[in-house]
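Each remark here refers to the structure printed beneath this line.
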Amino acid sequence: MAAMLKLVCVLLACMIVVAPYAAEGAISCGMVVSKMTPCLGYLTGGAITSGCCAGVKSLLASATTTPDRQAACNCLKSAAGGIAGINYANAASLPSQCGVSIPYNISPSTDCTKVQ
C-alpha cells in the first residue's frame, strides 16, 4: 500500500514537471508511469517480468519523436528520483534486459534536454 501511495505521488509530481512538454509530444507522464509500473519490483531488486518488458517495449514504440523521448526521459528521471530503494544498476540495465535500446540512462542525473 505504501509503495502504491508513493507511486501516485510520483505520478502527480511527474505530471506537474512534464506539463510544459505535453503540448509538444504525445507522451504523457501518466502513460510512462502506467507502462513502467510492472517494472517496480525489478527496479527495487526483484526479478524482471514479461509485463515489465512489454511496458518498456510499448513505451519505446510510443516515443517516436524527440519531444516524446524527452518527455518520457523527464518522467522516468522524476519517477526514479522519487522511489525509495530504487536500484540504479537495475534501472540502467532495464532496456537491455528487455532486449531494447533507449538513447539515455534511467537516472536522476540524466540531462533529458540532450535526448534526441
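The values are calculated or read from the model by the stated rules, or taken from the named source; none is laboratory data. For clarity, every value in this text was computed on a predicted model and none was experimentally measured. Here Cβ is always computed from backbone atoms with ideal geometry, including for glycine, and neighbour counts include all displayed protein chains. Heads up: the accessible areas ignore ligands, DNA and RNA and are worked out on the full protein's heavy atoms, side chains in. Shrake-Rupley method; radii C 1.70, N 1.55, O 1.52, S 1.80 Å.
Which ones in region 77-116 are open to solvent by 20 Å² or more (accessible area, probe 1.4 Å), closer than 14 Å to residue 39 by Cα and assigned to a helix (DSSP H, G or I)? 88, 89, 90, 92, 93, 96, 97, listed by residue number.
Scanning region 64-84 for residues that are under 10 Å from residue 26 (Cα atoms) and more than 11 Å from the chain's Cα centre (by Cα) yields 64, 65, 67, 68.
Report yes if some residue within region 102-113 is at pLDDT 90 or above and among the β-branched types (Val, Ile, Thr); otherwise report no. So far as region 102-113 goes, yes, one or more of its residues are at pLDDT 90 or above and among the β-branched types (Val, Ile, Thr). Test residue 11 against the stated conditions and say whether it is at pLDDT 50 or above, of a type in the set (A, V, I, L, M), in a helix (DSSP H, G or I) and open to solvent by 20 Å² or more (accessible area, probe 1.4 Å). Here the answer is no, as residue 11 does not meet what is asked.
Quickly run through region 41-59 and pick out the residues that are buried (at least 18 other Cβ atoms within 10 Å of the Cβ), out of contact with any Lys or Arg (no Cβ under 6 Å at 6 or more places or on another chain), of a type in the set (A, V, I, L, M, F, W, C) and part of a helix (DSSP H, G or I). 43, 52, 53, 56 - these are the residues of region 41-59 that are buried (at least 18 other Cβ atoms within 10 Å of the Cβ), out of contact with any Lys or Arg (no Cβ under 6 Å at 6 or more places or on another chain), of a type in the set (A, V, I, L, M, F, W, C) and part of a helix (DSSP H, G or I).
Within region 60-76, restricting attention to residues that are part of a loop (DSSP other than H, G, I, E, B) and more than 15 Å from residue 33 (Cα to Cα), the residue that is least open to solvent (accessible area, probe 1.4 Å) is 65.
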